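Asker: Quick one: this structure, given as structure tokens, is what I'll be asking you about.
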Amino acid sequence: MEWHQMCSRRLVLFTFLLVFLPAYANASWTKYESSNFIVYSDYADKSVKKKIERLERFKATLNKLLSIPEAAGRVPFEIYWFKNRREFRKYTEDFDTAGFFLDRLGSPVMVVGPGYGDEVLFHEYIHFLTRRLGSFKYPRWYDEGIAEFYSTMEFKGGDAIVGAVPDIRKSWLQHRPKVKLSELLEHGYQSRGSQFTARFYASSWLLVHRLILGYMNNMPDYNDGLRDYLKRYTEGEKGAEVFMASIGADEADLQSELSHYARKRNLKLGSMKAPKVAVQIQAARLDKAEALNAMVRLALAKNDWKYAEELLRDDEATLDTEGRAVLAIIEGHGNEVPGSEVVLIEALEASSELSGAASNFLGHALFDLAEKPGASSEQNLIDAVNYLMQAREQGQLHGEARMLVEALWSLGREEEAIAEIVRLIQSNPASIATNMLAGEYMIKARALDEAKYFLRKVVNWSHSESQVKYAEKLLAKLDSIIAVTEAP
């Protein structure tokens, strides 16, 4: 074979491997743990540790700035930071997405793509705080604008500086058209492609910056008006007219003012003393099976069972107990009656090497099996509860926390089910999913005032139309129950 032919064939083979081998097979993934964050990444060790240190300091500064009790923000927080762009894109349908946040029972998940600095991490973490740690419901422009506002926090000496223009927004602010104020306030965010998204984010940052720091740049102070507007918005008063009345400004004048504000070259920024933080980080290199498991867990957090199965089938012969437990769930999903998953479940139950995550997914598989005709429903539920509780004890009860509650309730162990809900609320009071679960089961427990409390949080915090509608439907059901109860 001639040399050039050999090189050509090797190049084809190499290209094939790059395209078809899973990214985790070629990358070294490491798990890092600090006081507040669990980070999975294939970046260099030094880079990840520096980022975690900045994130811990960012969190401590926000706690101080926003008067957030330390206990309220101490939630297990998982971050996946990808260096491999191709693998990152497997987890998002939006090509322009730099990162995203997932609300999950037990602990939230943040995913960040390659090539981005601290701004994306800070932006997504602010979403966790502003959408959830408080009693306000925020309009989309404010939710994104405040996340952009704090995303550029810098630490200089002992100070934290906030309010700098995000790098990716500079061109939009100075040279490109912004979203009109009336449209921003009246209609909020309606996806119309990447160009509109970029305009929306830039315009949201501009308005938030003007409202919060405008007084430092020789303009009227609108901070009190902003607080009044957010209160009114939470109570259901929306639109440009409400906003203008709250801040006491004319819409045309404010639009002109914002155009001028966007062209300012030297906006004054906010600053405060940043707390000193001693950060301890533990790192553990993941082997191939552990890296695969981490990628599968992320796919499941997004409810992407198709990609989870694709990952598992690629390495089916070498799966550990966690991987086989997830495969049992997947095979069970394909059968209306007990089928091939039973063999996997029985082998897992006989294993003495179940990790916490394996117990979690085995409990899920048994819960699914209990719902099928011809299966031993009660015994499978009992076994599911036992495995899910084992996972909980090891801190590995993920989205399956809902199944634990449902299984306990179905078995008539209602007090234990409520106790599990209380544990979830105490562990992550900021979770919309947890508050929804609490609202649903407080109705079942006839604790109507408590149900209303949790469901109103969902309505206030969620940006999901379907989630809000479901919570409102349950609130209407509550009103009907109360009306019947109070009828003479």
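Asker: In whole Hz, with x marking every Gly and Pro, tabulate ³J(HN,Hα) for region 207-214 from phi via Karplus 6.51 cos²θ - 1.76 cosθ + 1.60, θ = phi - 60°.
Answerer: Result, rounded to whole Hz: 5, 5, 4, 4, 5, 8, 10, x.
Asker: Something else now. Which one, Trp29, Gln426, Leu62, is farthest towards the positive end of the dipole of the chain when Lys and Arg carry +1 and Asp and Glu -1 on their Cβ?
Answerer: Leu62
Asker: Report in % the part of the accessible area of region 107-166 that belongs to carbon and sulfur, leaving out ligands and nucleic acids; probe 1.4 Å. Write down the numbers at each step before the final one.
Answerer: Details: 730 of 1490 Å².
With neighbouring chains kept in place, the figure for region 107-166 is 49 percent.
Asker: When all C-alpha to C-alpha distances in region 240-307 are sorted into bins of 10 Å, what percent of pairs does each bin hold, rounded to whole numbers?
Answerer: 13, 17, 15, 15, 28, 12, 0
Asker: If you place +1 on the Cβ of every Lys and Arg and -1 on the Cβ of every Asp and Glu, how big does the dipole about the Cα centre of region 409-450 come out, in debye to the nearest 20?
Answerer: Numbers: 4 positive and 7 negative charges, 13 e Å.
That gives region 409-450 a dipole magnitude of about 60 debye.
Asker: Once you put a point 7 Å from the Cα of Ala44 and another 7 Å from the Cα of Lys477, both along the Cβ direction, what distance in nm separates them?
Answerer: My value for the distance between the label points is 5.5 nm.
Asker: Carbon and sulfur: what percent of region 221-263's accessible surface (1.4 Å probe)?
Answerer: On the way: 960 of 2280 Å².
The computed percentage sits at 42.
Asker: How large is the accessible surface per residue of the chain, computed with a 1.4 Å probe and reported in Å² as a whole number?
Answerer: Working: 23300 Å² over 488 residues.
Result: 48 Å² per residue.
Asker: What residues have an amide H closer than 5 Å to that of Ser271, excluding those fewer than 5 places away on the same chain, when H is modeled at 1.01 Å from N in the peptide plane?
Answerer: Val162
Asker: When the Karplus curve 6.51 cos²θ - 1.76 cosθ + 1.60 is applied with θ = phi - 60°, which whole-Hz ³J(HN,Hα) does each residue of region 386-399 get, with x for Gly and Pro?
Answerer: 4, 5, 5, 5, 4, 5, 4, 4, 9, x, 10, 8, 8, x
Asker: Shifting gears a bit: Which of the peptides 162-172, 363-373 is most tightly packed, and how do the rest follow, judged by the mean count of other Cβ atoms within 10 Å per residue? If you can, show how the numbers build up before the last one.
Answerer: Numbers: 162-172: 17.4, 363-373: 21.5.
The densest-packed peptide leads the list: 363-373, 162-172.
Asker: Report ³J(HN,Hα) in whole Hz for each residue of region 316-326, in order, from the Karplus equation J = 6.51 cos²θ - 1.76 cosθ + 1.60 where θ = phi - 60°; Gly and Pro get x.
Answerer: 4, 6, 10, 5, 8, 5, 5, x, 5, 5, 5
Asker: Express the carbon and sulfur contribution to the solvent-accessible surface of region 382-488 as a percent, rounded to the nearest whole number, probe 1.4 angstrom.
Answerer: Working: 2610 of 5190 Å².
On region 382-488, the fraction of accessible area on carbon and sulfur atoms equals 50 percent.
Asker: Within the chain, what percent of beta bridges assigned by DSSP are antiparallel, to the nearest 5? Intermediate values should be presented prior to the final figure.
Answerer: Working: 19 of 28 bridges.
Around 70 percent of the beta bridges assigned by DSSP in the chain are antiparallel ones.
Asker: Taking N as the number of residues in the chain, what is its Cα Rg relative to 2.2 N^0.38 Å? Show your work: numbers first, answer last.
Answerer: On the way: Rg = 25.1 Å, N = 488, 2.2 N^0.38 = 23.1 Å.
Against the compact-globule rule of thumb, the ratio is 1.09.
Asker: Any idea which of Trp81, Ile481, Val208 is furthest toward the positive side of the dipole for the chain, if Lys and Arg beta-carbons carry +1 and Asp and Glu beta-carbons -1?
Answerer: About the Cα centre, the residue reaching furthest to the positive side is Val208.
Asker: For the chain, with the dipole built from +1 on Lys and Arg beta-carbon atoms and -1 on Asp and Glu ones, taken about the Cα centre, which of Leu381, Ser259, Leu105 lies farthest toward the positive end?
Answerer: Toward the positive end, the furthest listed residue is Ser259.
Asker: Now, a different point. Taking the Cα centre of region 449-488 as origin, sum charge times position over the Cβ atoms of Lys and Arg (+1) and Asp and Glu (-1), and report the length of that vector in debye to the nearest 20. Working shown, then result.
Answerer: Working: 6 positive and 6 negative charges, 29 e Å.
Dipole magnitude for region 449-488 comes out near 140 debye.
Asker: What residues have an amide H closer than 5 Å to that of Ile38, excluding those fewer than 5 places away on the same chain, when H is modeled at 1.01 Å from N in the peptide plane?
Answerer: Amide H neighbours of Ile38: Phe77, Glu78, Ile79.
Asker: Could you work out [θ]222 nm for the chain from helices alone, using -39500 (n - 2.57) per DSSP H run of at least four and dividing by all its residues? Round to the nearest 500 deg cm²/dmol. Write down the numbers at each step before the final one.
Answerer: Numbers: 24 runs with 295 residues, N = 488.
The helix contribution divided over the chain gives -19000 deg cm²/dmol.
Asker: What FRET efficiency do you get for Ser352 and Gln426 if R0 is 22 Å and r is their Cβ-Cβ distance, rounded to the nearest 0.05?
Answerer: Values: r = 33 Å, r/R0 = 1.49.
Plugging the Cβ-Cβ distance into 1/(1 + (r/R0)^6) gives 0.10.
Asker: For the chain, give the magnitude of the charge dipole about the Cα centre (Cβ charges: +1 Lys/Arg, -1 Asp/Glu; no others), in debye to the nearest 20.
Answerer: Dipole size: approximately 2260 debye.
Asker: Please compute the contact order of the chain in relative form: average sequence separation of alpha-carbon pairs under 8 Å and at least six residues apart, divided by the residue count, as a percent.
Answerer: Numbers: 681 pairs, mean separation 71.1, N = 488.
So the answer I get is 15 percent.
Asker: Once all Cα-Cα distances of region 293-372 are split into 10 Å bins that start at 0, what whole-number percent is in each one?
Answerer: 20, 56, 24, 0
The values are calculated or read from the model by the stated rules, or taken from the named source; none is laboratory data. In this text, all values refer to a predicted model and were calculated from it rather than measured experimentally. As a convention, Cβ positions derive from the backbone with ideal geometry for all residues, glycine included, and neighbour counts pool all protein chains shown. Calculation scope for accessible area: heavy atoms of the full protein, side chains included, ligands and nucleic acids excluded. Shrake-Rupley method; radii C 1.70, N 1.55, O 1.52, S 1.80 Å.
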